[in-house]
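**Q** I have a structure I would like to understand better, so I am pasting it below and will then ask my questions one at a time.
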Amino acid sequence: LFARSRVVHAAANAGIDAIDVPFLDLNDLDGMRREATLARDLGFCGKGCIHPKQIPILNDVFTPQKTQVAYAKRVVEAFEKADTGLIVLDGKLIEKPVLREMKRILAVEARTAK
């Protein structure tokens, strides 16, 4: 966990996406979904894929949900109106690292919008 966290932090610091390693058990798609969800929650932007049947699940896990996109838009708009490095939205203090993540969510959504 420490090593994987360091990879995510180093990638974020460098402004690049961190992609998690592939899940090798092609017969355990539920296990792959769990692993992909854990990787996403840790901060990875994607997961390697070794078989086409894994693609829909990975797309589902790593594509932002509508609620995430709506929240990201609210955060970005609030920062655009503010003249500080932090805001309070819905009673929560939000700083620039969160803003970067919200912009990444919007960029992914823009690339995947149908």
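**Q** Inside the range 82-102, can you point out the residues that are surrounded by 12 or more Cβ atoms within 10 Å (Cβ to Cβ) and of a type in the set (A, V, I, L, M)?
**A** Ala82, Leu86, Ile87, Leu89, Ile94, Val98, Leu99, Met102
**Q** May I ask you to verify whether Gly15 is farther than 25 Å from Ala110 by Cα, open to solvent by 50 Å² or more (accessible area, probe 1.4 Å) and of a type in the set (Gly, Ala, Ser)? Write out each step before concluding.
**A** On the way: farther than 25 Å from Ala110 by Cα: no; open to solvent by 50 Å² or more (accessible area, probe 1.4 Å): yes; of a type in the set (Gly, Ala, Ser): yes.
So Gly15 fails the test.
**Q** Of all residues being farther than 26 Å from Arg104 by Cα and of a type in the set (A, V, I, L, M) in the range 22-54, which is surrounded by the most Cβ atoms within 10 Å (Cβ to Cβ)? Just the residue, please.
**A** Leu29
**Q** Out of the residues in the range 13-30 meeting the condition of being assigned to a loop (DSSP other than H, G, I, E, B) and under 30 Å from Lys96 (Cα atoms), tell me which one is modelled with the lowest pLDDT.
**A** Gly15
The values are calculated or read from the model by the stated rules, or taken from the named source; none is laboratory data. Keep in mind that what you see is a predicted model, and the values were worked out from it rather than measured. FYI the Cβ positions are ideal-geometry reconstructions off the backbone, even for glycines, and counts take in every protein chain you see. Areas reflect the complete protein model, heavy atoms only, side chains present, ligands, DNA and RNA absent. Shrake-Rupley method; radii C 1.70, N 1.55, O 1.52, S 1.80 Å.
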